[in-house]
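The values are calculated or read from the model by the stated rules, or taken from the named source; none is laboratory data. Treat the numbers as computed from the prediction; the structure is a model and nothing was measured. Because the Cβ atoms are built from the backbone with ideal geometry, glycine has one as well, and the counts that use them run over all protein chains shown.
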Amino acid sequence: AKVLRLSHRARSEHTTGRLNALIAADAEAVELCLGTLHLCWSAVLRILVALGLLYAQLGPASFAALGTLLLMMPVQTSLVIRSSKAQKRALQHTDERVKTFSEAVGAITTLKCYAWEEPALRRVLACRDDELRWLRVRVSLNAVNFAMISLNVTLMAAATFSAYTLGGGVLDASTTFTSIALFGNLQGPLFLVPQAISQLVSARVSLRRLDELLLADELPDASRNAPTVGSGGAGGEVIEGVGGAFRSDAGHPVAVEIRGADFSWEADGGESTRRRRSSQAMNSPLLTAAQQQALERQDSAPVGGAGGGPSDV
């Protein structure tokens, strides 16, 4: 319903390719994020429980595992941020690719007539190459992040056992195998947390793109702005519209008369959508209290400067 109500300026900003990407990719990213929210808090709870059991088993040496985890978190956070930026760039190239492809399909007759298939194909493939390049960057960053997750468990176990041994503890079979089992329980939550954070960041990027569409300018409500016809007296009609009255008298020299009408263009395209929503300039008319008479069987036309309102009249 929102797509059908977009204004002309909003349609120029949200092309068919961008709308397709919003429906196919961004909406799906938000849906996937909602499914991983519970995994995120449950994974944090499982990590805390496992660390508590390690403290009960190994004593203060378990803080070495916590320290190792905290040292690796800034590196993983940096990888997640870089992955988010790569995804944003990839989505921009996806919009451009779908837009270019849609334009080529829409003008397929012209492309065939002038034998422009090869240049059009090169444009689409160039957009696809840029999109794949940023997708490879994102996949590579995620692969490094997941590799570090697997390495975390090994580093945490090595640091904990080293601290326990240096503190005078004795690693017998029961202590060793119990601690290894607890470190194994940490591997699952440590794998889920960065994945959930990555999906949260992806959903944040998608929500921003969807937010621009949902806050885009809309056409006026047709039911609210539809003119109403009433009696004008002397066999005529008065059409009440937005900002003024339009008079049409049968058998009168004046065929159509406009009194006190306001005309305006859309909001300024230089402002952001959110600012245009909150500014009053959006509804400020450029031509106010217009007076116009169209005599019967005579040609008449409004004349004025560019952007002054004669085209709307």
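Brief remarks follow.
- When residues of segment 160-199 are limited to those that are in contact with a Leu (Cβ under 8 Å, 6 or more places away or on another chain) and hydroxyl-bearing (S, T, Y), the one surrounded by the fewest Cβ atoms within 10 Å (Cβ to Cβ): T165
- Those residues of segment 189-247 which are basic (K, R) and either in a helix (DSSP H, G or I) or modelled with pLDDT of 75 or more (or both), in sequence order: R204, R208, R209, R224
- For segment 131-142, the condition of being among the acidic types (D, E) and crowded, with 17+ Cβ neighbours inside 10 Å holds for at least one residue.
- For segment 167-188, a residue qualifies if it is closer than 11 Å to Q57 by Cβ, assigned to a helix (DSSP H, G or I) and not aromatic (F, W, Y), and the qualifying residues are S174, T175, T176, T178, S179, I180, A181, L182.
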